[in-house]
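Report on the structure given below.
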């Protein structure tokens, strides 16, 4: 019985106008997008190797350790997944004068976008009259009059409709992948295929979730014209509004000092407060010493001081102790303030982390956000990758500076007279930063809660649809 | 009244659709003031096409429709001042009350200065229940909607009235009330063209009855002539011969 | 006759479920957006008071633009603090927040609400204008009266436009009034004028989508088909085309990436510093070299970038939604054109500062000219493309309405 209904759903959908239009739309948008993104990726790869060559050229003539931190940095290269998913990898670069304003105004169309926005809309377009439409046509009465159990009907509808939906999406995805594979410069690895498979699974869950939601809404309306309005309202809220509002709501509930405030505070602690503290400590220590060495009380010019030091060993002891005390005072001031600055920065970082987590939580009310995080984490273009990149970047950074110190020591040993920090040095034996994507296991671990949440949403919507349909008035 | 100029006149009207189907084949008919003309025929015989041509919803292939002497295709806006239309199965504006629907169509028909009481009077005249006057139309039964449709036509007070299958789906009481209104309007001097399947009521109200078959008017009888004939039998005979011919 | 039909449309809307859902949604979204973006603006304003240069410091900072409450655009980039030193321009204070969730989703400013939600709403008002009345049989009833098809269409358009525009303007005006009550937010007269222009632009935008909705309504016989087509067209026009165009333009214009640019700058600087330490030439000549090479890089980049922007603009304009974005952001002073002008001004300031420094190297540190930037005047903004974009949007709307008339005259109402 269920199979009959499922088959009817599929048949009815495939010949429907909306199916044809969806198919046409996706078959155009997905391949065009992947084509353009692939070219963009290949261009970036070319650009990256060009920059690499330029850096090498520079290093050969001018590579010196003092400013090497500005030249050699851990940089994230373009990865094959950028042909499908953009995530956070847009080249915005607000930390430099040279920033690219276009991605802020016109964010990218990528696979995540197509699925998240278009497919969810399509799912609702297919589902909004699943129940109300059949009631209006009179066919619902006929179906139920034939002794079909309502639970079976709703299950079959969701299954049939959902399956039909996935056909255009998977077809367009395959065409898109063919476009990518046809380009010789894109090097997919086994882990990438695994991740892509998992993203596709996520897509299936996402689309089915929205289809179930559409059926639920349909089962709560008696006119399809009202059902579509509610569906669109819900869609706009879930897909377009909630994600964009979430970080702002989080910043309202869990405020953090802005970076500027933190830096200003750090500056204050490191400058004025440190100066005050240094002077205070210096004064304290000098008072102690003056008690011990009365000679320090005298106001001598530097020349006189020097002469006194040469003549009187006690005086010399006094002045040396004074110098040491002053140095010690300022060292302590620096240390104390340094610790304070660290504490401030750490506290701020924790607050930012808390706010980010809260924003994530709030945004995950929207399945679009859940799917976005899932897809970007699996494709190494999301927040998890940022953290991962930060870690491996730090590892390389430490390795490089160890190398630098060792090299300088070697060179100093050979030629102590030269200022090796400011002399061009051959660095061709330096540790290179190599970026490889995080192992699939780690990425899957990050994405797992997302999968569960999408599945959870789907089940909840289905359950509610089920209950609504069982109580639906078919007259 | 039959000697007065006809309000509705179809002159050698033919209509061939793009797919070649001949919907009307040289149709000639006239409806005079104070006359009810019932157009009978099977589905697809051309009754609705005739009405659509009078309303200028489609242009005829040959021939002309005249309303009050005005060629409908040449000056449609002027012509439409003189007719009112009652459609089969009209949903009207569901969120509007009966009065609001009436108000809108009255204004469209040129009656812009009517008061609430005028609307109520017309609705009472067509036997619409009082409590329905200010109720939303979407809750109306078919009979109530049809009455409202007639009220819309009545309030326009046009000399000609076109009705498309007005009694289909009506219960006997509503149908009888409908016939009473038609009789009243006829006596006021309106020219009424009504397409219908309902032989029984056509015989009751029609001053003249025409049977259409495959786009042609194959028979026309006046009321006097019909008194001595069995309209039912004539109709069935014509339909049967049509079937045998095909 | 047109008036009768228009009035009926307004009344029908006032009695419909759809109308209230839509108005409520728009009101809630506009109010939320205003609240959030005002808070955001005030926070950035507080930050600005922290990074304001003391008189004489060679620092270029621009205060946040109050119109960024409505169109955030590139305001955050333009409100950064740039310090001019011998090595060029360094960013002293950049991005405000470390919360990466901001980067995932578009900013919910007024422009976003209008661009995305109001367009959908206008479509939802237009999509079943003709098809629903045909299906319901009322279209025949209307046309059985002396009302021409043009009158009917115009009446429908006007009635629905008023139904959309009036509540929307009321809600927006109320929101703006509430914002103005906040003492921290002050709009100059020029900014009020710009805001008014943006509202006019919004009305043109709504009119465009209403016309599009009605056009599709005349082309299909069933309301359900119109809806499906329109939703897809909407998704394409609003989300896909404006963004795809920029990507396509990048394929055709070779612009050095920002990373390449900053890497080159670093290389120039460190090379010159090294040469200086090695004793080649005096300090001034190095500063001049750095400045000259940086300027060459900047000029080259600007030329290519401007070409990219121009090309992507022209491609994006296939979707009038892009025109709306361009026009609105430029009028607000947070668009690409404004950002380019601002950056040029910063470069000019850098040259002035460096010139002064080289001329009197022993002068006190705190004696540099102050940086002052004011938004490009409105007439320049309009002449620079905003008027064209607004006109294009209006023309497309009129074109669609004209097409609807052409189709509707031939529409089979039976």
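The values are calculated or read from the model by the stated rules, or taken from the named source; none is laboratory data. On a predicted model such as this, the values are computed, not experimentally measured, just so you know. With ideal geometry, Cβ positions are generated from the backbone for all residues, glycine too; neighbour counts draw on all protein chains shown.
The table below gives the values:
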| item | result |
| --- | --- |
| Residue in the range B:48-68 that is free of Cβ contacts under 8 Å to residues at least 24 places away in the same chain and away from every other protein chain (no Cβ under 14 Å) present | no |
| Pair list, Cβ under 7 Å, 6 or more apart: the range A:94-112 residue outside the structural domain of residue A:373 (by TED's automatic domain parsing), other residue part of a loop (DSSP other than H, G, I, E, B) | none |
| Whichever residue in the range C:314-335 is part of a helix (DSSP H, G or I) and surrounded by fewer than 20 Cβ atoms within 10 Å (Cβ to Cβ) and, among such residues, is farthest from the other protein chains (Cβ to nearest Cβ) | C:314 |
| Residue A:90 under 30 Å from the mean Cα position of the chain (by Cα) and either outside the structural domain of residue A:126 (by TED's automatic domain parsing) or at pLDDT 90 or above (or both) | no |
| Selected residue (criterion: farthest from the chain's Cα centre (by Cα)) from residues of the range A:430-458 that are assigned to a helix (DSSP H, G or I) and free of Cβ contacts under 8 Å to residues at least 12 places away in the same chain | A:456 |
| Test for residue A:104: is it at the interface with chain C (Cβ under 10 Å from one of its Cβ atoms), out of contact with any strand residue (DSSP E or B) (no Cβ under 9 Å at 6 or more places or on another chain) and under 29 Å from residue A:229 (Cβ atoms) | no |
| Some residue of the range C:250-265 being in a helix (DSSP H, G or I), more than 7 Å from chain A (Cβ to nearest Cβ) and within 30 Å of residue A:118 (Cα to Cα) | yes |
| Residues of the range B:96-109 classified as outside any loop (DSSP other than H, G, I, E, B) and either within 11 Å of residue B:140 (Cβ to Cβ) or in contact with a strand residue (DSSP E or B) (Cβ under 8 Å, 6 or more places away or on another chain) (or both), total | 3 |
| Residue list for the range A:218-260, restricted to those being facing another protein chain (nearest Cβ under 7 Å), more than 32 Å from the chain's Cα centre (by Cα) and closer than 25 Å to residue A:371 by Cα | A:228, A:229 |
| Odd one out for residue A:299, checked against (1) part of a helix (DSSP H, G or I); (2) more than 28 Å from residue A:446 (Cβ to Cβ) | (1) |
| Residues of the range B:79-95 classified as free of Cβ contacts under 8 Å to residues at least 60 places away in the same chain, more than 7 Å from chain C (Cβ to nearest Cβ) and either part of a strand (DSSP E or B) or surrounded by fewer than 23 Cβ atoms within 10 Å (Cβ to Cβ) (or both), total | 1 |
| Hey, residue A:395 surrounded by fewer than 20 Cβ atoms within 10 Å (Cβ to Cβ) and either in contact (Cβ under 8 Å) with a residue 40 or more places away in the chain or not assigned by TED's automatic domain parsing to the domain that holds residue A:57 (or both) or not | no |
| Residue C:237 being crowded, with 18+ Cβ neighbours inside 10 Å and more than 7 Å from every other protein chain (Cβ to nearest Cβ) | yes |
| Residue in the range B:59-66 that is surrounded by fewer than 19 Cβ atoms within 10 Å (Cβ to Cβ) and out of contact with any strand residue (DSSP E or B) (no Cβ under 6 Å at 6 or more places or on another chain) present | yes |
| Any hit, the range C:44-59, residues being more than 8 Å from chain A (Cβ to nearest Cβ), surrounded by 20 or more Cβ atoms within 10 Å (Cβ to Cβ) and in a loop (DSSP other than H, G, I, E, B) | yes |
| Any hit, the range B:80-91, residues being under 23 Å from residue B:151 (Cα atoms) and more than 16 Å from the chain's Cα centre (by Cα) | yes |
| Filter result (within 7 Å of chain C (Cβ to nearest Cβ) and either over 22 Å from residue C:102 (Cβ atoms) or more than 21 Å from the chain's Cα centre (by Cα) (or both)) within the range A:107-119 | A:118 |
| Residue, farthest from residue A:395 (Cα to Cα), within the range A:34-56, restricted to residues that are more than 9 Å from chain C (Cβ to nearest Cβ) and free of Cβ contacts under 8 Å to residues at least 12 places away in the same chain | A:46 |
| Filter pass, residue A:142 being surrounded by fewer than 16 Cβ atoms within 10 Å (Cβ to Cβ) and more than 14 Å from chain C (Cβ to nearest Cβ) | yes |
| Among (1) within 10 Å of chain C (Cβ to nearest Cβ); (2) under 28 Å from residue C:77 (Cα atoms); (3) surrounded by 18 or more Cβ atoms within 10 Å (Cβ to Cβ) - the single one residue A:69 does not satisfy | (3) |
| Single residue of B:23, B:2 found to be modelled with pLDDT under 90 and crowded, with 16+ Cβ neighbours inside 10 Å | B:23 |
| Those strands (runs of 3 or more DSSP E) lying entirely in the range B:149-237 with at least 1 residues surrounded by fewer than 15 Cβ atoms within 10 Å (Cβ to Cβ) and at pLDDT 85 or above | B:216-222 |
| Near pairs, Cβ below 6 angstrom, 6+ apart or cross-chain, from the range C:343-369 (over 16 Å from residue C:298 (Cβ atoms)) to any residue that is assigned to a loop (DSSP other than H, G, I, E, B) and at pLDDT below 90 | C:366/C:56; C:367/C:56; C:368/C:56; C:368/C:58 |
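Table: residues versus (1) under 35 Å from the mean Cα position of the chain (by Cα); (2) surrounded by 12 or more Cβ atoms within 10 Å (Cβ to Cβ); (3) within 30 Å of residue C:216 (Cα to Cα); (4) within 14 Å of chain A (Cβ to nearest Cβ).
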{"position": "C:339", "(1), (2), (3), (4)": "yes, yes, no, yes"}
{"position": "C:345", "(1), (2), (3), (4)": "yes, yes, no, yes"}
{"position": "C:359", "(1), (2), (3), (4)": "no, no, no, no"}
{"position": "C:375", "(1), (2), (3), (4)": "yes, yes, no, no"}
{"position": "C:392", "(1), (2), (3), (4)": "yes, yes, yes, no"}
{"position": "C:402", "(1), (2), (3), (4)": "yes, yes, yes, no"}
{"position": "C:409", "(1), (2), (3), (4)": "no, yes, yes, no"}
